[in-house]
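Asks: Structure provided below as structure tokens; questions to follow.
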Amino acid sequence: MDVIFATEVERLVRQPAEAEQLAERESHKISERIKHKQADRARNGQAHGGHRCFGYKAGNREVEEIEASILREMASKLLDNYSFKEIAYWANEQGYKTAEGRMWYPVRIRNTLRRVRYAVSVSIMGLNSRQLGPRSSTPRPGNGCS
């Protein structure tokens with residue numbers, strides 16, 4: 001009886017350790033395949049991760065004109081001193097949704113309008129946007145939409 005019990009305990013202790021090692025190896029293999037695939041897509045000029053950017057069609061290369069006009073209206077409202085909260089309220093009142101189909105929130109409006117992808121040269125009182133001051137954020141790696 002003691003021998004059977006010892007064998008069962010040993011088996012129960014050894015199996016989780018082996019399963020953990022197997023899971024770790026498999027996780028590493030998956031990670032390597034994803035990295036290689038993303039690098040290949042980047043080399044070929046294809047989207048390589050993330051969701052569709054608001055204002056762009058799938059692949060984030062072609063402009064989606066309806067959404068682009070919404071972005072222009074948002075930017076115009078911001079220049080007219082509307083707050084991000086007021087712009088989000090307006091967008092939701094109009095029934096506009098984010099690229100993921102969600103409601104607009106002030107932080108999403110702010111982050112979206114800050115994107116380098118959407119940058120335009122704005123002239124205010126004879127100064128262009130670069131003369132108005134430094135950007136408050138730097139672009140992050142990735143597709144620049146999140």
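Asks: Using 0.36 nm per residue of separation minus the Cα-Cα distance, give me the extension gain between Lys37 and Ala19 in nm, one decimal.
Replies: Extending this stretch completely gives an extra 3.8 nm.
Asks: What lysines does Lys29 reach when the alpha-carbon gap must be under 20 Å and sequence neighbours fewer than 8 apart in one chain are set aside?
Replies: Result set, ordered by chain and number: Lys37.
Values in this text are rule-based calculations from the coordinates and carry no lab data. Please read all numbers here as calculations on a predicted model, not as lab measurements.
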